[in-house]
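Okay, so here's the structure we're looking at.
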């Protein structure tokens, strides 16, 4: 019982690490449709279709939450620039911005969790390695390195 609890905690932390550490761009990348990822993960057609369904289902909420966050951030920036509101009012508004940011992160995390539940443990481990490689390639090319 104790071992399964530890495994669950490790997997949960791993998932959250992937969600938080993976750049937003990489989360938007449809890796389940990429030939290299499909091949290296041995992703089945059913798995790919199920992940696409999760992705499509989450998109309206993610877009709406991103728009709402963006508008709140713009308003917060305006309030800070103008410096006309009292601190408690600004603090309250900043709380609204952070709550919107948290809602967006939660929706994204749940989408990634649903992806994870479709994958086997082995596929999940390989996926993390593929993302790491992809990130290294992207950073290397951005700095003029040849890879």
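The values are calculated or read from the model by the stated rules, or taken from the named source; none is laboratory data. Keep in mind it's a predicted model, so treat the numbers as computed, not measured. Neighbour counts run over all protein chains shown; Cβ positions are idealised from the backbone, glycine included.
Things to note:
- Residues of region 49-72 satisfying the condition of being under 16 Å from residue 123 (Cα atoms) and over 18 Å from the mean Cα position of the chain (by Cα): 49
- Within region 72-100, the set of residues being within 25 Å of residue 59 (Cα to Cα), touching a helix residue (DSSP H, G or I) at 6+ places or on another chain (Cβ under 8 Å) and surrounded by fewer than 16 Cβ atoms within 10 Å (Cβ to Cβ) comprises 73, 75, 96.
- Any chance residue 41 is in contact with a helix residue (DSSP H, G or I) (Cβ under 6 Å, 6 or more places away or on another chain), buried (at least 16 other Cβ atoms within 10 Å of the Cβ), within 12 Å of residue 104 (Cβ to Cβ) and touching a residue at least 12 places away in the same chain (Cβ under 8 Å): no
- Looking across 12, 57, one residue alone is at pLDDT below 95 and either in a helix (DSSP H, G or I) or closer than 26 Å to residue 139 by Cα (or both). It is 12.
- First in region 65-91 and touching a residue at least 12 places away in the same chain (Cβ under 8 Å) and on the phi < 0 side of the Ramachandran plot, second anywhere and assigned to a loop (DSSP other than H, G, I, E, B) and surrounded by 12 or more Cβ atoms within 10 Å (Cβ to Cβ), Cβ under 6 Å, 6 or more apart: 79/85
- Residues that are farther than 30 Å from residue 29 by Cα and touching a residue at least 40 places away in the same chain (Cβ under 8 Å) within region 92-117 are absent altogether.
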